[in-house]
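Accompanying notes for the structure given below.
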Amino acid sequence: MADYPVSQGTWTHHSARRALFEPTVFDLLVVGGGVIGASIARDAAARGLTVALVEQDDFAGGASGKSTKLIHGGIRYLPQLRFGLIRQGLREQEILRRTADHLYNDLDFVIPLLKGGGLLNLPAWMTIGPLKAVGLKAGLTLYDRLGRRSGEVRHRRLDSEALATFFPELCLDAPRGGFVYRDAQTDDARLVMSLLKTAVVADGAVAASRMKSTGIASDGKSWVVSVAEYDQVGQVRSRAVVSATWASPTPVANGRSGGEPIRLSKGVHLVYRPEALGLGDHALVIPHTDDGRLLFLIPWNGLALVGTTDTRYEGDPGRVRPDQADQEYLQDHLGRYLKQVAEPPLAAFAGVRALTGGGNATASASREHRIVEHRPGAFSISGGKLSSARVIAAEAVDKVCSHLGVSVPSPTHRLPLSGAGIGDDLEPRVRSRLERIGLPAGYGAHLIARYGTHSENLLDLLESEPRLRQIMDPAPIALAEVVYTVRHEAVATVGDFALRRTRLAWSSEDHGRKWARPIADLLAEEMGWSESETGAAVTHFEQELEDQGL
């Protein structure tokens, strides 16, 4: 299968719903619109299968939009000797760099040498006294070798002066400096959208949000999946079904609950302005915390993320939110290691990890995945992580293809995602076009980070519709993006736009509330809402913010 350019096309909530209920039998139905479900849909569609995906809420509405945004090998897996998992994650970095350059950023992480603190649960004799630096260097050298790294991308030692330059607000007794190593970051929710846009636009898949799977049964020839939209129930037929619902239970086949036993762990992050933490271009690793986890301070898309916690969670995975104890835990650690935090966080968000295996320690639990075939053609996936989503998808679709009698290998390691291929000339071109219509040239970098090559489609809209040029200060987001995401990214609510397609709700102290009505008015124009429906959309957004603790 040859490489192909991914073009732009229409994908609306209404068009997806119509296509889902066409009288057809799909080759594969995917239940779950997080990063693993989206990766499966993308892989299967790229192999030529007819694919539908249903998501009970919005795409990337769960953990796939609330991660630490890292594509990494997992340096914490070194003492656990999970070298295969590390090697896989580092290989996936390089694949994402090639296939989704607009969603990939190299990021250097600094590990200070803390007095009395270790790293990654390495043996104590390696992390105390004069052997601390030796232990760190040995671990980072192995990390580099697993990733086949050479030259400037290898780890390096920092002296105390360099450490102070990178993090002037750091207040540590670290006379010997630290180490810096390289990993990568992405925008998790935007990655999900790029995967789905590729499947839908390039390969003809169907992806519908707010379609909850309420039952899966066999009629002897195909699988019949009942899906509910509000109070209306319809049926979708497919030759195979994969449930990739992460933390939410889904009936797998004939009313039986499926999947491996999982435990839920809650991860909470705080969102700051970078200047409030004195954060520049480097991420900071705090390797000594009360619960033994690593704590990261990460610059990300004009914001700064601090996280994450790791606590057992037994509530509704659809209603997880940061509580006061979570936030105090993170703020307490910031207070220990930074001289002064200039202001309170802009926002906090929480997600749940679905962990396989026994035991009670969630921080040390496996992030590896399991794929189970419950009946011929009916599969479920448990476990996994953002960095391994493409690999999990390829394995799952291999099993689906075996069931269907199809022999086509996965091509996703080489095919570009929607928006990829930005090159060196896109940003100057975008900046020039923005300046001609009186918008800040710096807005172009944010457009490219969200939409890649499709930034020029946004510019077409901005040039033709002056009323859509207003920027939603303080966030670098224009009203035109509302219209674009309704037409091309299946936005159906204010929250879809403000919480997931963009991060408007994380970028201001009111979490986007003052922009809720203008966004709803544009949605109403695009979707044909009445005045009462428009007002209800604003109310629903307020409730969604409250449910997420914003």
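Put +1 on the Cβ of every Lys and Arg and -1 on every Asp and Glu Cβ in the chain; which of PRO345, ALA445, ALA162 then has its Cα farthest towards the positive end of the dipole?
Selected residue: ALA162.
From the list (1) 27; (2) 38; (3) 33, can you say which value of percent of Cα pairs over 38 Å apart was derived from the structure given?
Structure-derived value, by its label: (1).
Taking all protein chains as present, what is the carbon and sulfur share of the accessible area of the chain, in % to the nearest whole number, probe 1.4 Å?
50
How big is the dipole moment of the stretch 28-104 about its Cα centre under a simple scheme where the beta carbon of each Lys and Arg is +1, that of each Asp and Glu is -1, and everything else is neutral? Debye, nearest 20, please.
Dipole about the Cα centre, nearest 20: 420 debye.
Quickly work out the ASP219-to-SER150 label distance, labels modelled 7 Å from Cα along the C-beta direction, and quote it in nm with one decimal.
5.9
Order the following by accessible area, largest value first: TRP515, TRP246, TRP300. Probe radius 1.4 Å; ligands, DNA and RNA are ignored.
Sorted descending by solvent-accessible area, the residues read TRP246, TRP515, TRP300.
Just check the stretch 439-489 against the gyration tensor rule for me: Cα atoms, a ≥ b ≥ c as the square roots of the eigenvalues, rounded for a/c under 1.5, and otherwise prolate or oblate depending on whether a/b exceeds b/c.
Verdict is rounded for the stretch 439-489.
Looking at the chain, send over the antiparallel percent of its DSSP beta bridges, to the nearest 5.
So the antiparallel bridges amount to about 80 percent of the total.
Within the set LYS69/LYS212; LYS137/LYS385; LYS221/LYS399; LYS66/LYS385; LYS66/LYS339, which residue pairs have Cα atoms separated by over 22 Å?
Table pairs above 22 Å Cα-Cα are LYS69/LYS212; LYS137/LYS385; LYS66/LYS339.
Could you do me a favour and compute the accessible area per residue for the stretch 135-174, 1.4 Å probe, result in Å²?
Here the per-residue accessible area is 57 Å².
At a Cα cut-off below 14 Å, give the aspartates and glutamates reachable from LYS514, other chains included and same-chain residues fewer than 8 away excluded.
Straight-distance partners of LYS514: ASP473, GLU542.
Ranked highest first by average number of other Cβ atoms within 10 Å, how do 495-508, 323-336, 65-78 line up?
The densest-packed peptide leads the list: 495-508, 65-78, 323-336.
Go through VAL200, VAL227 and list them by solvent-accessible area, largest first, probe radius 1.4 Å.
Solvent-accessible surface, decreasing: VAL200, VAL227.
Magnitude of the Cβ-charge dipole of the stretch 137-232, K/R +1 and D/E -1, about the Cα centre, nearest 20 debye?
Value, rounded to 20: 500 debye.
Suppose every Lys and Arg Cβ carries +1 and every Asp and Glu Cβ carries -1, with no other charges. What dipole size does the chain come out with about its Cα centre, to the nearest 20 debye?
I would put it at about 1860 debye.
The values are calculated or read from the model by the stated rules, or taken from the named source; none is laboratory data. Predicted, not measured: the structure shown is a model, and the values here were computed from it. Every residue, glycine as well, gets a Cβ built from its backbone with ideal geometry; the counts of neighbours run over all protein chains shown. Heads up: the accessible areas ignore ligands, DNA and RNA and are worked out on the full protein's heavy atoms, side chains in. Shrake-Rupley method; radii C 1.70, N 1.55, O 1.52, S 1.80 Å.
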